[in-house]
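To keep things clear, I will list the structure first and then write my remarks on it.
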Amino acid sequence: MMAAATTNDTVQGELRENEPMSRHTSWRVGGPADLFFVPGSLQDLSRFLRELEPRVSIFWLGVGSNLLVRDAGIRGVVISASRILRDLERVGPYLVRAGSGVPCTQLARQCLRWGLAPAEFFAGIPGTVGGALAMNAGAHGGETWERVESVRTIDRHGEIHTRGPADYTVAYRSVTGPANEWFIEAKLRFDASATASKAVLDDMLERRKLTQPLGLPSCGSVFRNPPGDHAARLIEAAGLKGYRVGGAEVSAKHANFIINRAGATATDIEELIAHVRQTVIDTHGVELIHEVRIIGEAGP
């Protein structure tokens, strides 16, 4: 697999074989990736993509906060570029350039220092700017793509593109656009009429701490909120708080969180997701759609 994809002599970053994805997901589960690449620079990343054989599949990894990797792992190559895509700068009175590897909480705090708003909601998103762009992540009434003026992407051949919102179809927790391109940065525009508030940001972080099981491995919210309701309310009303499959458990603190309580496998978590979904259908007649991305091959 290594020789078929590329060689160590052609990259400056780290290239590993059979890398356990449990080291790179917030649930702390997941089998090995055939190849795991951490580029040393954007040029290094571009060169790697150009030299990668077309038949080798690619998965782009952020911080693994909204991801379930199955127990048999991922065929192909996983690219983790968050180390190099960390630029964050103010490029206009109300405009910020943010690399896709910037944590959303860091973005929120820096915008507060610059007096830019509304940016506080980014503090409620547990991943990076790249992940937030990919799924139109949001919190506390704000959504990522409401702020997007333009994005830069890199494609399968290592070419970089600048695109605008018109190139994408954006909906609640859903973004579709040009195939085989990945976000590397965004320009985000904030409002001249909005006032940045440290009190609002601190309140969001405090509410997150009080209402979410932050000290235990989880992926954040598992299911999207259905129109006019909340997934957590439906799950709790179905009597599922504390329900377990193997080492996976529906959090007693927040019913839309599944936690790795005791050595859960990805199979445990996926089976629990399926059970919760079916129970909510049976109890309320509502079909929940999972927000978490499930990838890879199931174990034996």
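Out of every Cα-Cα pair in the stretch 212-295, what percent are more than 20 Å apart? Don't skip to the end; give the middle numbers.
Working: 757 of 3486 pairs.
Of the Cα pairs, 22 percent sit more than 20 Å apart.
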For this session: Rounded to the nearest Å, what's the spacing between the alpha carbon centres of the stretch 4-75 and the stretch 101-121? Just the number, please.
Result: 29 Å
Exercise. Can you tell which of Leu45, Leu210, Leu35 shows the greatest fluctuation in a Gaussian network model of the chain with Cα springs below 10 Å?
Worked result: Leu210
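Just how many % of Cα pairs in the stretch 88-189 lie over 16 Å apart, if you round to the nearest whole percent?
Details: 2637 of 5151 pairs.
The answer is 51 percent, as a whole percent.
DSSP loop trypsin sites (Lys or Arg not before Pro) in the stretch 57-141 with at most 13 other Cβ atoms within 10 Å of their Cβ, which ones? Working shown, then result.
Details: sites: Arg70, Arg75, Arg83, Arg86, Arg90, Arg97, Arg109, Arg113; in loops: Arg70, Arg83, Arg86.
Hits after loop and neighbour filter: Arg83.
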Seminar exercise, completed: Glu206 and Asp167 label points (each 7 Å along its Cα→Cβ direction) are spaced in nm at 4.2 nm
For this session: Take His24, His230 and order them by how many other Cβ atoms sit within 10 Å, fewest up front.
Result: His230, His24
Exercise. Under the Kirkwood approximation applied to all pairs of distinct alpha-carbon atoms, what is the hydrodynamic radius of the chain in Å?
Worked result: 20.1 Å
For this session: Taking the Cβ of each residue in Tyr172, Tyr94 as the centre, tally the other Cβ atoms inside 10 Å and list the residues starting with the fewest.
Result: Tyr172, Tyr94
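Let me check against my output: what whole-number percent is the relative contact order of the stretch 88-189, with C-alpha pairs under 8 Å and at least 6 apart?
Details: 200 pairs, mean separation 29.5, N = 102.
Here the relative contact order equals 29 percent.
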Seminar exercise, completed: Full extension between Ala237 and His275 adds, at 0.36 nm per residue less the Cα distance, a length in nm of 12.2 nm
Exercise. Between His157 and Arg16, what FRET efficiency follows from the Cβ-Cβ distance if R0 is 22 Å, with the result rounded to 0.05?
Worked result: 0.40
Exercise. Per q in 0.25 1/Å, what log10 I(q)/I(0) does a Debye calculation on the alpha-carbon atoms of the stretch 2-80 return?
Worked result: -1.18
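Any read-out appearing in this document is the output of simple, stated calculations on the displayed coordinates, not a laboratory observation. The structure presented is a predicted model; accordingly, all values stated were derived computationally and were not measured. Neighbour counts run over all protein chains shown; Cβ positions are idealised from the backbone, glycine included.
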